[in-house]
Amino acid sequence: MIELSRVNKWYGDFHVLKDIDLKVGKGEKVVVCGPSGSGKSTMIRLINRLEAHQGGRIVVDGIELTDDLKAVDAIRREVGMVFQSFNLFPHLTVMENLTLAPIWVRKMPKRAAEEHAQHFLERVRIPEQADKYPGQLSGGQQQRVAIARALCMRPKVMLFDEPTSALDPEMIKEVLDVMIELANEGMTMVCVTHEMGFAKTVADRVVFMDQGEVVEAARPDEFFAAPKTDRAKLFLSQILGH
Amino acid sequence: MSALSAPVSWARENLFSNWKNTLATLAIAYLLWKLALPFLDWALVHAVWWSPDAKACRAAKGTGACWALVADKHRFMLFGTYPYDAQWRPALASLIFVALYVVSAIRACWRRWLALVWLGGLVAIGVLMWGGVFGLRYVENERWGGLALTLLLATFGIAFAFPLSILLALARRSTMPVIRWLAIGYIELIRGVPLISLLFMASVMLPLFLPEGVTIDKLLRAQIAMILFAAAYLAEVVRGGLQAIPRGQYEAAQALGLPFWKMMGLIILPQALRISIPPLVNTFIGFFKDTSLVLIIGLFDLLTTVKVSLTEPKWSGFGIEAYLFASAVYFIFCFAMSRYSQALEKSLGAAQSRTTAGKGAA
């Protein structure tokens, strides 16, 4: 489904990503973790080309990402993304947030798009909030709307970029529950997160990144029980050791 | 509490709460008495309202205002040199303009059909002003003037300059260097010269460069110069609004697969223009008044017709009254714009009690 091979990226002189290789199969759930500044967010943003890579190849759903805007748009239609800061459209209601892309990108009729959106609002357990504006919702609710917004495009892959990092602790669970449900339904997912409980529950693979490199990639039980590298050990001791 | 004590207690609380407030209140009251009363005395009590031969005005000069000037010359002030017996046409055209503004100001009317209403209104205005059909006498646009001309210049100016300014603002933020440089060059060049010099160029220099036999109407040339000028200013206002939109909004729109123009039209511009309302209206108001500069290339806008009214010997010397009248007309339009923009901000903001584009607090 997603294939990164020998991908490199620089910000000026700073080498953010170094020879990244990553394959995500259909239905696979990959959790990416690592210390801040390790390049994990940048990496996930390459997959729908919010950032452009400068070396190597990225193929998503059989289409290679290049400067060709048509290819980029085609991939973006199939790849949903959830952001750390939600990025809902504040001038539109929840329902309008959800139906915008189905109507304008997928060319769905408005009525059908609304029914479809209502279905996804029920799945993220906030069907009653359809007519509110994002600013009237709590953080956890906003993030669930953001997930529903991405799902309304019927994506083949979902990318999550630290979806719970901006949330108050008591709201993290409601978002993770929705994500776990989604994983159980067989969605292909790439998720940058520090929620190790989530990784243990749903991940097929944990990818540990540090300083722009993939240091380790392993099944979660292996990774958490016996990390192979010192850097992974240090990282795990820092985030689990309290 | 009696009905009378409410204002008294209000005054005590707000005007005489301590010695500093009391002093300020008394000082202001004294100034009002010294300045406002004599003005009202001059403008209303001792004013001359009717005097076709201006003799009463001469007699009252210094003690009373001569509104007889406005009474006598208002048709010329409002309609310029438009044929006298056909002046109902520019009057009706001005009313249509005002009606179009009012309809456009009502949010319930922000539908597709509004564009058709405008199209119909502008065609009607064109027919009225030019004539030549339906038995209306043809009136060449050299004879247009006064309020109708001012509204014409301002309306067309803003209607064309605003979309152009959005394109310029987007171009200036483009990642494509050539487009960005062109936009920067245009904006800086136009902003760097006074409107007067642009108008001069449009009216005097442009014809020199046109091939033999090709002429562009003077009014049209002035209008184009004004559009180009306003667009450069508005572009910077729009760009300011665009810069206030968080990056996450672009990314979210892109991640959903929205192509560039849809992203701009549906997500970015609605938010950017909303926060730009105060400076946009500021620029609109400035532009409305700047239309008066066309007097230097010989177009008879409202301010020019007022000025020309004073050249008539019997009315010479009553400039204050004439310019007060012109000011009042400009003020009505500018103040309406200002009030409307405040109401619009409120009603657009009311929809979202807390607008946070990014991190929402619990």
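The values are calculated or read from the model by the stated rules, or taken from the named source; none is laboratory data. Given the structure is predicted, the values throughout are model-derived calculations rather than measurements. So basically every Cβ, Gly included, is an ideal-geometry build from the backbone, and we count neighbours across all protein chains shown. Just so you know, the surface numbers come from the protein's heavy atoms only, side chains and all, with ligands and any DNA or RNA stripped out. Shrake-Rupley method; radii C 1.70, N 1.55, O 1.52, S 1.80 Å.
Only one residue in B:Ala183, B:Ala202, B:Ala169 is over 22 Å from B:Leu273 (Cα atoms) and open to solvent by less than 20 Å² (accessible area, probe 1.4 Å). Which one?
That would be B:Ala202, the only listed residue that is over 22 Å from B:Leu273 (Cα atoms) and open to solvent by less than 20 Å² (accessible area, probe 1.4 Å).
Given B:Ser165, B:Ser174, B:Ser197, B:Ser203, which one is in a helix (DSSP H, G or I), without any contact (Cβ under 8 Å) to a residue 40 or more places away in the chain and assigned by TED's automatic domain parsing to the domain that holds B:Tyr233?
Going through B:Ser165, B:Ser174, B:Ser197, B:Ser203 in turn, just one is in a helix (DSSP H, G or I), without any contact (Cβ under 8 Å) to a residue 40 or more places away in the chain and assigned by TED's automatic domain parsing to the domain that holds B:Tyr233: B:Ser197.
Take the range B:256-265 and flag every residue that is within 9 Å of chain A (Cβ to nearest Cβ) and surrounded by fewer than 19 Cβ atoms within 10 Å (Cβ to Cβ).
Selection gives B:Pro259, B:Phe260, B:Lys262.
Pairs please, first residue from the range A:124-149 and facing chain B (nearest Cβ under 7 Å), second anywhere and surrounded by fewer than 23 Cβ atoms within 10 Å (Cβ to Cβ) and among the acidic types (Asp, Glu), Cβ atoms under 7 Å, 6+ apart in sequence or on different chains.
A:Gly139/A:Asp168
Test each condition in (1) touching a Ser or Thr at 6+ places or on another chain (Cβ under 8 Å); (2) closer than 28 Å to B:Val204 by Cα for B:Thr311 and report the one that comes out false.
Answer for B:Thr311: the failing condition is (1).
Quick check on my filter: what residues within the range B:50-100 are aromatic (Phe, Trp, Tyr), open to solvent by less than 50 Å² (accessible area, probe 1.4 Å) and under 22 Å from B:Trp118 (Cα atoms)?
Of everything in the range B:50-100, just one residue is aromatic (Phe, Trp, Tyr), open to solvent by less than 50 Å² (accessible area, probe 1.4 Å) and under 22 Å from B:Trp118 (Cα atoms), namely B:Phe97.
Can you tell me which residues in the range B:195-211 are among the small types (Gly, Ala, Ser) and more than 12 Å from B:Phe229 (Cα to Cα)?
Passing the criteria: only B:Ser203.
Anything in the range A:40-53 that is within 14 Å of the chain's Cα centre (by Cα) and in a loop (DSSP other than H, G, I, E, B)? List them, or say none.
A:Asn48, A:Arg49, A:Leu50
Looking at (1) polar (S, T, N, Q); (2) at pLDDT 85 or above; (3) open to solvent by 10 Å² or more (accessible area, probe 1.4 Å), find the lone condition where B:Thr150 falls short.
(3) is the only condition that B:Thr150 fails.
If you scan the range B:248-263, which residues turn out to be of a type outside the set (A, V, I, L, M, F, W, C) and assigned to a helix (DSSP H, G or I)?
The answer is B:Gly248, B:Gln249, B:Tyr250, B:Glu251, B:Gln254, B:Lys262.
Kindly state which helices (runs of 4 or more DSSP H) lie completely within the range B:7-118 and contain at least 1 residues that are aromatic (Phe, Trp, Tyr) and farther than 24 Å from B:Val329 by Cα.
B:19-40
For the range A:177-194, enumerate the residues that are without any contact (Cβ under 8 Å) to a residue 40 or more places away in the chain and under 14 Å from A:Lys29 (Cα atoms).
Of everything in the range A:177-194, those that are without any contact (Cβ under 8 Å) to a residue 40 or more places away in the chain and under 14 Å from A:Lys29 (Cα atoms) turn out to be A:Met179, A:Ile180, A:Leu182, A:Asn184, A:Glu185.
Has the range A:54-72 got at least one residue that is in a loop (DSSP other than H, G, I, E, B), within 19 Å of B:Glu251 (Cα to Cα) and within 8 Å of chain B (Cβ to nearest Cβ)?
The answer is no, given that none of the residues of the range A:54-72 is in a loop (DSSP other than H, G, I, E, B), within 19 Å of B:Glu251 (Cα to Cα) and within 8 Å of chain B (Cβ to nearest Cβ).
I'd like to check something: does the range A:90-112 contain any residue that is closer than 18 Å to A:Leu50 by Cα and within 12 Å of chain B (Cβ to nearest Cβ)?
Yes: the range A:90-112 contains one or more residues that are closer than 18 Å to A:Leu50 by Cα and within 12 Å of chain B (Cβ to nearest Cβ).
Only one residue in B:Ile268, B:Ile245 is assigned by TED's automatic domain parsing to the domain that holds B:Met337, farther than 28 Å from B:Ala68 by Cβ and open to solvent by 10 Å² or more (accessible area, probe 1.4 Å), so which one is that?
Selected residue: B:Ile245, the only one of B:Ile268, B:Ile245 that is assigned by TED's automatic domain parsing to the domain that holds B:Met337, farther than 28 Å from B:Ala68 by Cβ and open to solvent by 10 Å² or more (accessible area, probe 1.4 Å).
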